1. Taking the number of other C-beta atoms within 10 Å as the exposure measure, put I4, I193, I77 in order starting with the fewest.
2. Taking the alpha-carbon distance from K127 and a cut-off under 19 Å, which aspartates and glutamates remain once sequence neighbours fewer than 8 residues away in the same chain are dropped?
3. Taking the chain as a Gaussian network, where each spring joins two C-alpha atoms under 10 Å apart, which residue of K150, K176, K211 fluctuates the most?
4. Excluding V210 itself, what net charge comes from residues whose Cβ is under 13 Å from its Cβ, given Lys and Arg +1 and Asp and Glu -1?
5. Semi-axes of region 18-155's equivalent ellipsoid from the Cα gyration tensor, sqrt of 5 times each eigenvalue, largest first, rounded to whole Å?
6. Post the alpha-carbon centroid distance, region 236-279 to region 146-178, in whole angstrom.
7. Taking the chain as a Gaussian network, where each spring joins two C-alpha atoms under 10 Å apart, which residue of S82, S257, S41 fluctuates the most?
8. Can you count the Lys pairs in region 18-122 whose Cα atoms are under 24 Å apart, with each pair 8 or more apart or on different chains?
Amino acid sequence: MAGIINWERILELANGKTTDDKDVNPTVFWDQFGYMYDKMSRMEKNFTRNQVNSMILDPQDRVLDVGCGTGRLCVPISKKVSHVTAIDASPNMLNYAKKYANEENVDNISFHLMDWNNDNEINKLEKYDVVFASRTVALKDVKKLNKLAKKYVFLLSFANGPSLRSIQLDLFRGVKGNLQLDFKDDRQLGYNIRFNMLYDLGIDASVIVVKDGFEKDYQNPKEAYDDLRTLGTVDEDQEELFRENVNKYLLENQDGSVKFLRETSSYVMWWKPEDVDLANTCRGV
């Protein structure tokens, strides 16, 4: 079904180019972010439960995590289902995900190095009860996700709030040696775009927005600075500016300890593949 609005173009304008472009090697690109994503996702652990608890999962389900990253979702989800197959194009991300699974004593996840954009690899996958994609280029490819799911397809990402990447870079705003981007949270360019894209494809999706965020407790501010500094680069002459950035998000306790807290929100969007006919659809999302 072709809509009267080009939502794909609007999404491109909102998000910029994605890493599925042919001139980008996904392994090289994502490997460099393994440490940062692992550290940030651990800080998000308590909030991630809100997303997991919003998903429809049965104990007997076999689940596919497309673009699992450092295991933020597949590890807690594995505790609710029979088995999870987790795929990612980055060996470094998979190493962090395996480490996280071991720490959580999870043994029902099979990890596979696999590029979602390599159809020869993806076509070898079986069908799963539940297929989900979170904060990955696979979010745009409804047709492929739908084809692999029996019961539900879930899309998850940030909604009307700062993303993991923007929260990380805010700590180093103005600090030399770090990427400087001006993230603007525009409600007109949020998850509503993806919802409308699905609608134009004939998919009547359900959606819920849940509280999300990143938090970590420290004995004192110095411990917070020392820990958060590892997420970027801070030269000695830039230390004061870095600390000013961090201080904006530190909550002080009476005993001198502090909590780092950045709140945001995430959407969980889903549909039943059996209710969708994409046979004549030429484009994905």
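Coordinate-derived values only; no laboratory data. Since the model is a prediction, treat every value here as computed from it, not as a measurement. Every residue, glycine as well, gets a Cβ built from its backbone with ideal geometry; the counts of neighbours run over all protein chains shown.
1. I4, I193, I77
2. D58, D61, D65, D88, D115, D119, D141, E274, D275, D277
3. Between K150, K176, K211, it is K176 that shows the largest mean-square fluctuation.
4. Summing Lys/Arg as +1 and Asp/Glu as -1 gives -1.
5. Those come to 21, 19, 13 Å.
6. Region 236-279 and region 146-178 have Cα centres separated by 10 Å.
7. S257
8. Lysine pairs meeting the criterion: 12.
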